[in-house]
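The values are calculated or read from the model by the stated rules, or taken from the named source; none is laboratory data. Computed from a predicted model, the values in this text were never measured in an experiment. Glycine also receives a Cβ, built like all others from the backbone with ideal geometry; neighbour counts cover every protein chain displayed. Protein only, heavy atoms only, side chains kept; ligands, DNA and RNA dropped before computing areas. Shrake-Rupley method; radii C 1.70, N 1.55, O 1.52, S 1.80 Å.
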Amino acid sequence: MQEQYTVAIAGSTAHTVQAVQGLAHHPRFRFSWILTPVPKIIGRDKNPTPNPLHRFAQEQRTDLFLINKNLSEVESELRQQERPDFLLVVDFGYVLPQWSLDLAKIAPINVHPSALPRWRGSSPGQFVLLHGEKNSAVSIMIPNLELDQGPIITTLPLTIDPSWMYPDYYAHSFELTSRSLPDVLLQLAEKKLSPQPQPLKSPTPTARRLTRDDGYISWNTIKAAMDGETSSHLELNELLTQAKPAHANVPRLITAAHRGLTPWPGIWTKISTEKGELRLKVLEIQLDESAHPATEKIILNTVQLEGSTPTDWKHVQQLLKEN
């Protein structure tokens, strides 16, 4: 009978659950315990709501450990458990101290959906799309105490579809992870894979956590892109200024920003209307490629004006106050 390996999981989201599905149905692996944050208070009734990994642990009848602020809350309990062969960290949201990484007998494992050392940080998929990259990868690595700088076990190549928004990027990344992870862990356990150190310095900025303000583009810039003025400046904070994007002009930059920021924080601007200055969120946009690249333009389709429901851009135009 072939040896069975135990896997502990630290995570919190539906992405975590998606990534471990391949292990859940594989005869060579068994879950030893799951670590995840305590249920959040959600909704008007303020009921504690377990996250997707919490619910998965209950379905799998796997030992569950909950944390509120940091791992010190469960350190003594985890140290008393039988050490797992692997500690798999996916979408956890907490910094792991060295003692927790040392629990794994073979190796701690982290799944990062970018081609490391590119796009270290919490929002890699958003930044990949923001910068118009056509190819990426899922990096399976051994985490250390630095941000996404641990040795890389393997990378799983990923071709980006031009229609993807960032949820699509993550869905495909973690589906690829689910299919590949059992084989990767088996090869690592059998010493058929040798983790390789990655460069200390990344060629890209940190893919930091985004805020609502990151989606702001001035109305003058959007209007210029709609008119085919491709040389206008794009004020998207530092998202597209700290590294050279792969786009040729501002209409393409805005289109890529829409893919990388939809559904949240979304692309938004402020426009002057008969009711005063209002926030306008761009929900659907397309790039008009019928002309030469030098005269490309964007077309607004569906938008949402502050205080209103989503509607066609043409319906909003009549409310505009000419500057």
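Looking only at residues of region 261-291 that are acidic (Asp, Glu) and in contact with a strand residue (DSSP E or B) (Cβ under 9 Å, 6 or more places away or on another chain), we find that the one that is surrounded by the fewest Cβ atoms within 10 Å (Cβ to Cβ) is Glu274.
Here are Leu71, Leu116: which of them is within 27 Å of the chain's Cα centre (by Cα) and free of Cβ contacts under 8 Å to residues at least 60 places away in the same chain?
Leu71
Under the condition of being over 18 Å from Leu181 (Cβ atoms) and not in a loop (DSSP other than H, G, I, E, B), which residue from region 126-143 is modelled with the lowest pLDDT? So the residue we want is Leu130.
Quick check on this structure: which one of Glu146, Glu77 is outside any loop (DSSP other than H, G, I, E, B), free of Cβ contacts under 8 Å to residues at least 24 places away in the same chain and farther than 30 Å from Leu253 by Cβ?
Glu77
Only a single item in (1) at negative phi; (2) assigned to a loop (DSSP other than H, G, I, E, B) is not met by Gly93, and it is number (1). Taken together, the criteria exclude Arg179 from residues that are over 21 Å from Gly22 (Cα atoms), in contact (Cβ under 8 Å) with a residue 24 or more places away in the chain and open to solvent by 80 Å² or more (accessible area, probe 1.4 Å). Every test in (1) at pLDDT 95 or above; (2) open to solvent by 70 Å² or more (accessible area, probe 1.4 Å); (3) among the β-branched types (Val, Ile, Thr) is passed by Ile109 save one, and that test is (2). Please verify whether Asn70 is among the polar types (S, T, N, Q), surrounded by fewer than 18 Cβ atoms within 10 Å (Cβ to Cβ) and closer than 26 Å to Glu146 by Cβ, treating the condition exactly as stated. The answer is yes for Asn70. Residue check: is Thr159 modelled with pLDDT of 95 or more, farther than 22 Å from Pro199 by Cβ and open to solvent by 20 Å² or more (accessible area, probe 1.4 Å)? The answer is yes for Thr159. State yes or no: is Leu200 among the aliphatic types (A, V, I, L, M) and open to solvent by 30 Å² or more (accessible area, probe 1.4 Å)? When the stated conditions are applied, Leu200 passes them.
The residues listed here are Ser123, Ser136; of these, the one that is in contact with a helix residue (DSSP H, G or I) (Cβ under 7 Å, 6 or more places away or on another chain) and more than 17 Å from Ala10 (Cα to Cα) is Ser136. Within region 14-36, the set of residues being open to solvent by less than 40 Å² (accessible area, probe 1.4 Å), under 25 Å from Pro97 (Cβ atoms), touching a residue at least 40 places away in the same chain (Cβ under 8 Å) and not in a strand (DSSP E or B) comprises Thr16, Ala19, Val20, Leu23. For Thr206, the test of being β-branched (Val, Ile, Thr), surrounded by fewer than 17 Cβ atoms within 10 Å (Cβ to Cβ) and within 19 Å of the chain's Cα centre (by Cα) is passed. Looking at region 48-56, is at least one residue more than 21 Å from Ala24 (Cα to Cα) and not in a helix (DSSP H, G or I)? Looking for residues that are more than 21 Å from Ala24 (Cα to Cα) and not in a helix (DSSP H, G or I), one finds at least one in region 48-56, hence yes. In this entry, Asp161 is excluded by the filter for residues that are under 15 Å from the mean Cα position of the chain (by Cα) and of a type outside the set (Gly, Ala, Ser).
Scanning region 209-229 for residues that are outside any helix (DSSP H, G or I) and more than 26 Å from the chain's Cα centre (by Cα) turns up Asp227, Gly228, Glu229. Mind checking whether some residue in region 178-201 is in a loop (DSSP other than H, G, I, E, B) and under 22 Å from Gly132 (Cα atoms)? Yes; the residues of region 178-201 include at least one that is in a loop (DSSP other than H, G, I, E, B) and under 22 Å from Gly132 (Cα atoms). Once region 37-55 is narrowed to residues that are open to solvent by less than 100 Å² (accessible area, probe 1.4 Å) and in contact with a Ser or Thr (Cβ under 8 Å, 6 or more places away or on another chain), the residue that is nearest to Tyr94 (Cα to Cα) is Pro37.
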